[in-house]
Amino acid sequence: MVGFYNLENLYDTVDNPIKNDNEFTPTGPKNYNTNIYNDKLGKLASVLSQIGTDVPGVPNPDGLALIGVSEIENDTVLNDLVRHPLLSKRGYKIVHYDSRDIRGVDVGLLYNPKYFTVEASDKLFVQLPGGSKDAYFTRDILWVKGKLDGETIHIYVNHWPSRSGGEERSAPARAAAATVAKRHIDSIAKADGEQKVLLMGDLNDDPTSPSVAEILKAKGKAKDVRQGGLFNPWWEMYKNGIGTLAYQDNWNLFDQIIISHPWLKKEQDGFFFYKQFIFNKEFLMENSGRYRGYPMRTWDGNTYRGGYSDHFPTYLVFLKKVQAEPEDNDNKLEVVGGINVWKRFLEKNLNDRIPEENRAPAGRYTAVVSFTIDSEGNVVDLKLEKDPGYGCGAEVMRVMKKSPKWQPATKEGIPVNYRQKQSITFVFDKG
C-alpha cells in the first residue's frame with residue numbers, strides 16, 4: 001500500500017535564520033513550543049499508523065510501505081516522526097532534500113525497508129514562470145528509484161505551487177511543475193522503456209485541472225490509458241463531490257496518487273493496481289459548527305486547534321498474485337457448494353459412454369487434468385496430464401472448461417492462486 005499525506009506545517013521549534021519559519025518558534029505569534037510539537041507528532045503518527053490496516057479482505061498490519069509527505073521543514077521532523085512509538089516498530093527510513101521554498105517547507109518519502117529499497121534519488125528543480133507567484137522559488141519535486149519487493153519503480157513526491165494570488169494567475173506555476181515531472185518520466189521511459197511510476201502529492205489542482213489532465217495527460221478511466229500514459233484513479237471521486245480538503249463549502253481533491261500504465265495489467269507477476277481510498281475517518285473531521293465534516297486542521301489563526309491536518313490522506317492498494325504450493329493453504333479445496341454440487345455437475349455434463357462410443361475394451365479409464373484455481377475461484381490454465389485414450393482425455397478437458405467455481409485457496413487469510421490435479425475415471429463393462 002502506498003499513501004500521501006500533507007502534514008500541514010510540520011516545523012521543529014528552532015528558528016532557522018535563512019528560512020521564514022519565525023511564526024513556528026516559541027517566541028513567534030503562534031507560541032510554538034515543544035509541547036505543541038510533540039502533540040502534533042503524536043497526532044500525525046496516530047493517523048499514519050492506521051492507514052491501510054483495515055481494508056476489507058486485505059489483512060495488512062504493516063500499513064503503508066511508502067508514504068509521500070509534504071509541508072515538512074527538514075529531515076529532523078521526519079526522523080522524529082518515524083521514531084514515534086506508534087511508528088517505530090515499522091522501521092521507516094526517509095528520503096529528503098532541502099529546497100529553496102521561501103517558507104522552508106519541503107517534501108519527503110517515508111519507506112518501510114521490509115518492502116522497499118532505495119537505489120537512487122534526486123531533487124528536481126521547478127523554475128517558476130515570471131509573474132505567476134510573488135516568490136521566486138517553490139518546492140522541488142522528489143524523485144526516488146528503488147525496488148518494491150524486487151520490482152523497479154519510480155516515485156515522484158510533489159507539492160506544487162499554491163493558488164494564493166488567484167487560481168488563474170498561479171496556474172502557470174503548477175503547469176511548470178507538471179511539465180518538470182512529465183519530462184522526467186518521459187526521459188526515463190525513453191532510456192529504459194516504460195516503467196512503473198507513482199506520481200503523488202498535494203498538486204494544488206484537481207484531477208480535471210489542465211496541469212493534471214492536459215500536461216500530465218492523466219486519464220480518469222483505465223481503459224483509456226495507453227502505453228506510456230498515466231491513470232488518475234481519483235477522477236470519478238472528484239466528479240462525485242468527494243475531496244481531500246474543503247474551502248467555502250467546495251471540495252477539492254488536490255492530494256492525488258497517479259500511476260503509469262504497467263500497474264494496470266492484472267495478469268502479471270508483479271504488483272497491480274487494486275483500489276484507491278481517502279482516509280477520512282470521523283476522528284479526522286471537524287465535528288460541529290459551519291465546518292463540520294471538514295478536515296480538522298492544526299491551527300485556527302495563531303491558536304493551536306489540536307487537529308491533524310487541513311488535508312485528508314490518500315492511499316492506493318496494490319496486489320500481487322501468489323501461487324500457493326501443495327499443502328500450503330488454509331482450507332480444503334472443493335467446488336463451491338461441496339461434493340454434491342460437483343457430482344451433479346459431472347452427472348449433467350460428462351458423457352460417461354465415451355469409451356464405449358469409441359469401441360474401447362471393457363475396463364477402467366482414468367484421465368488426469370491439472371489446473372489453477374485463481375483467487376476468485378475460476379478454473380484456468382487447464383492441462384491434460386494423463387490421457388488413457390478412446391476420447392476420455394478430450395471429454396474431461398471439455399467438461400472441465402465448464403467447471404463451476406471452486407472455493408479459492410487462502411494463505412494467511414488472503415485468497416491465492418492454487419495449482420490442483422483432478423482425476424476422472426470412466427468405467428466400461430460390456431456385460
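Mean sequence separation of contacting Cα pairs (under 8 Å, at least six apart), scaled by the length of region 1-140, corresponds to a relative contact order of 24 percent. Between region 174-222 and region 335-380, the C-alpha centres lie 51 angstrom from each other.
Computed over the chain, the per-residue total of -39500 (n - 2.57) for DSSP H runs of n ≥ 4 gives a 222 nm mean residue ellipticity of -5500 deg cm²/dmol, rounded to 500. The separation of region 259-282 from region 1-19, counted between C-alpha centres, amounts to 28 Å. Relative contact order for the chain: 12 percent, from Cα pairs under 8 Å spaced at least 6 residues apart, divided by residue count.
For region 151-237, relative contact order (Cα pairs under 8 Å, six or more residues apart, normalised by length) works out to 31 percent.
Checking the Cα-Cα distances for K147/K265; K123/K221; K147/K321 against a 21 Å cut-off, the pairs over it are K123/K221.
What the Kirkwood sum gives for region 340-430 is a hydrodynamic radius of 14.0 Å, with every pair of different alpha carbons counted. Overall, region 104-237 carries a charge dipole of about 200 debye about its Cα centre when +1 sits on the Cβ of Lys and Arg and -1 on the Cβ of Asp and Glu, all other atoms neutral. Cross-link candidates for K348: which lysines have Cα within less than 17 Å, leaving aside residues fewer than 8 places away along the same chain? List returned: K401, K402, K405. Expressed in units of 2.2 N^0.38 Å, where N is the residue count, the Cα radius of gyration of region 110-165 is 1.49. Could you please state, rounded to a whole Å, how far the C-alpha centre of region 385-405 is from the C-alpha centre of region 72-104? With region 385-405 and region 72-104 each reduced to a Cα centre, they are spaced 59 Å.
Values in this text are rule-based calculations from the coordinates and carry no lab data. Treat the numbers as computed from the prediction; the structure is a model and nothing was measured. So basically every Cβ, Gly included, is an ideal-geometry build from the backbone, and we count neighbours across all protein chains shown.
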